[in-house]
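This report concerns only the one structure given below.
The values are calculated or read from the model by the stated rules, or taken from the named source; none is laboratory data. Please read these numbers as outputs of a predicted model, since none were measured by experiment. For neighbour counting, all protein chains shown are included, and Cβ atoms are generated from backbone atoms with ideal geometry for every residue, glycine included. Surface accessibility is based on the protein's heavy atoms, side chains included, excluding ligands, DNA and RNA. Shrake-Rupley method; radii C 1.70, N 1.55, O 1.52, S 1.80 Å.
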Amino acid sequence: RIAVEHGHFLFAWIGLIDWNGRRLKRVAKYGADSGFVDSLKVSIDEADPSANGPAGTALRTGRHFVSNDYLASPETGPWHDAARRAGVHAFAVYPIRLHGDVIGTMSFYSGERNFFTGALSATLEEMAVDVSFALDNLEREAERAQAVRELRASEARFRSLTELSSDFYWETDAEHRLVSRDSIGREAAKPAFRSPAQFGKRRWEVTDLSPEGTDWQAHRAVLEARQPFRDFEISRDRADGSERYVS
């Protein structure tokens, strides 16, 4: 619409490759074309004659095509009758890319011969590049949104499983600092580090966990190596001076 209204074209359209139908499929159109665009057939199979026209060639080569005398151009011969009915006298087509691969075309039609100057063609080519850039961004955003949805679903499953468990759990960041812990599970299995004041500390920095001895040293070595651990015991000093062991 912007191209037609501001560029004074008769009409313009965008086609994307339909791999199932093996053709260029119209996905957007604007302007009075007298049925021209709907009558077009552009195959992506080289054995089909319609694949050897300007749009098909742009798809295969990744280069734009300009004809400033459409009705005299042999490349556009199969579409001359439809072009006469639509009043087309000049034409240009530019490839659209996604991640560098050609996936479609943008086509522009004028009712004036010699309409496409070098400056205008360069502007239209830049427009096709902008559309390609936008498609890249849209796909990246769609992938990011999908990753966020999958992460949230994974976290929801994780939370559901931990809430069903009678064991306690805690979470640490990459530097082994406490960032969260559960407040559920059996009372006897609740962890020693329940106070929010302990968040941001490493387990061996929590003062009432008796973080001395070879067991802690061995545990820290395992964590530093980013290895899983099992059967780890901690002792906690109770208010009455006794110790409580948790495995």
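Which trypsin sites (Lys or Arg not before Pro) in the stretch 44-111 sit in a loop by DSSP (not H, G, I, E or B) and have at most 15 other Cβ atoms within 10 Å of their own Cβ? Here the sparse-neighbourhood loop sites are 63. With a cut-off of 14 Å on the backbone N, the residues of the stretch 34-75 near the modelled label site 7 Å out from residue 85 along Cα-Cβ are 34-41.
Surface composition of the chain: carbon and sulfur make up 51 percent of the accessible area, probe 1.4 Å. The angle between the Cα long axis of helix 214-224 and the longest principal axis of the Cα atoms of the chain comes to about 0 degrees, rounded to the nearest 10. Residue ranges 118-124, 21-27 sort as 21-27, 118-124 when ordered by packing (mean number of other C-beta atoms within 10 Å per residue, highest first).
The value of relative contact order for the chain, using C-alpha pairs under 8 Å at least six residues apart, is 11 percent. One chain, two ends: residue 151 and residue 41. Fully extended at 0.36 nm per residue, the span grows by 35.3 nm beyond their Cα-Cα distance. If R0 is taken as 51 Å, the Cβ-Cβ distance between residue 202 and residue 131 corresponds to a FRET efficiency of 0.50. Is the shape of the chain best called rounded, prolate or oblate, per the rule: a/c under 1.5 gives rounded, else a/b larger than b/c gives prolate, else oblate, with a ≥ b ≥ c the square roots of the Cα gyration tensor eigenvalues? Here the chain falls in the prolate category. Restricting the GluC sites (Glu not before Pro) of the stretch 29-113 to loop positions (DSSP other than H, G, I, E, B) with no more than 16 neighbouring Cβ atoms within 10 Å leaves 46, 112. Oblate is the label for the stretch 46-117, because the ratio a/c of its alpha-carbon gyration tensor axes (a ≥ b ≥ c) is 1.5 or higher and a/b is not greater than b/c. Model label sites at residue 138 and residue 243, defined 7 Å from Cα along the beta-carbon direction, differ in position by 6.5 nm.
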